[in-house]
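Colleague: I'd like to ask some things about the structure below.
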Amino acid sequence: MRVLIVAASPSPVPSLPDDVDYVIAVDGGYATLLAQGIEPNLVVGDFDSFTGVVPDEALRYPSEKDVTDLEIALEAARGHGADEMLVYGALGGRLDMTLGNIGLLEAYPEMCLYADGQIVSLAREGRHALARRDDHYLSLIPWKRANVTIRGVKYPLDRHDVVSHEALTISNEWDAKTAELVVHDGMVLVLYVKK
């Protein structure tokens, strides 16, 4: 099941995909959905970032809790059988929230984050086919530590230890229709970054 989740980022949210099976609004993301004429299946949050009328059927949570509103939405998506989660509005704004939301990729491998022409996902050990996007760079950022091979790009690597203080895996370009990423050890953030 493909689930669209829209959170309350201050960054503008582009046209949202309509080829989804279920839609969840997270707090102020409800206003974003309504502005685009989309009525969500579920609305969750503590509603500290939404100033409109909260629907009666919304799942309200206290503002003081041990999880974020986005985590509540991700668990709800899992509960509805999500095998793909497209999350908009979770990047930009407060740096602590942005980094925390990126960190959620480790717990929710079925999730991709979308914002400002960028796509962020987490690749674990194994082979991954990365579809070419001509208007995007491809960057790999180690998540803890990683050893990778990447082919089909302008700057290929073979069994390279990717480290956080090295810019070698930033702003790569496409050399083929599909790039092949092999994560031999560890995990890497995969970023499609708008040129």
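The values are calculated or read from the model by the stated rules, or taken from the named source; none is laboratory data. Remember, it's a predicted structure, so these values are computed and weren't measured experimentally. Virtual Cβ from ideal backbone geometry, glycine too; neighbours counted across all protein chains shown.
Colleague: I'm checking my understanding of the structure. Among residues of region 1-57 that are charged (D, E, K, R) and closer than 20 Å to Gly100 by Cβ, which one is surrounded by the most Cβ atoms within 10 Å (Cβ to Cβ)?
Modeller: Looking at the filtered set, the residue picked out is Asp27.
Colleague: May I pose another question? Looking at (1) in the same structural domain as Val13 (by TED's automatic domain parsing); (2) without any contact (Cβ under 8 Å) to a residue 12 or more places away in the chain; (3) of a type in the set (Asp, Glu), which is the only condition Glu106 fails?
Modeller: (2)
Colleague: Let me ask something else about it. Among the residues of region 45-61, is there at least one that is small (Gly, Ala, Ser), within 19 Å of the chain's Cα centre (by Cα), assigned by TED's automatic domain parsing to the domain that holds Ala7 and in a helix (DSSP H, G or I)?
Modeller: No; the residues of region 45-61 include none that is small (Gly, Ala, Ser), within 19 Å of the chain's Cα centre (by Cα), assigned by TED's automatic domain parsing to the domain that holds Ala7 and in a helix (DSSP H, G or I).
Colleague: Exactly one of (1) closer than 21 Å to Pro109 by Cβ; (2) at pLDDT below 90; (3) of a type outside the set (S, T, N, Q) is unmet by Asp69. Its number?
Modeller: (2)
Colleague: Grab the strands (runs of 3 or more DSSP E) fully contained in region 121-192, keeping just those with 2 or more residues being surrounded by 20 or more Cβ atoms within 10 Å (Cβ to Cβ).
Modeller: Those strands (runs of 3 or more DSSP E) span 136-151.
Colleague: Which of the numbered conditions does Asn101 fail, given that it passes all the others? Conditions: (1) modelled with pLDDT of 95 or more; (2) assigned to a strand (DSSP E or B); (3) crowded, with 18+ Cβ neighbours inside 10 Å.
Modeller: Unmet for Asn101, out of (1) modelled with pLDDT of 95 or more; (2) assigned to a strand (DSSP E or B); (3) crowded, with 18+ Cβ neighbours inside 10 Å: (2).
Colleague: When the residues of region 76-91 are filtered to those that are within 16 Å of Ser121 (Cα to Cα) and surrounded by fewer than 17 Cβ atoms within 10 Å (Cβ to Cβ), which remaining residue is nearest to the chain's Cα centre (by Cα)?
Modeller: Per the stated criteria, the residue is Glu84.
Colleague: Which of the following residues is more than 24 Å from Gly28 (Cα to Cα) and under 15 Å from the mean Cα position of the chain (by Cα): Leu189, Leu113?
Modeller: Leu189
Colleague: Can you tell me which residue in region 1-28 is modelled with the lowest pLDDT, limited to those that are of a type in the set (A, V, I, L, M) and part of a loop (DSSP other than H, G, I, E, B)?
Modeller: Val13
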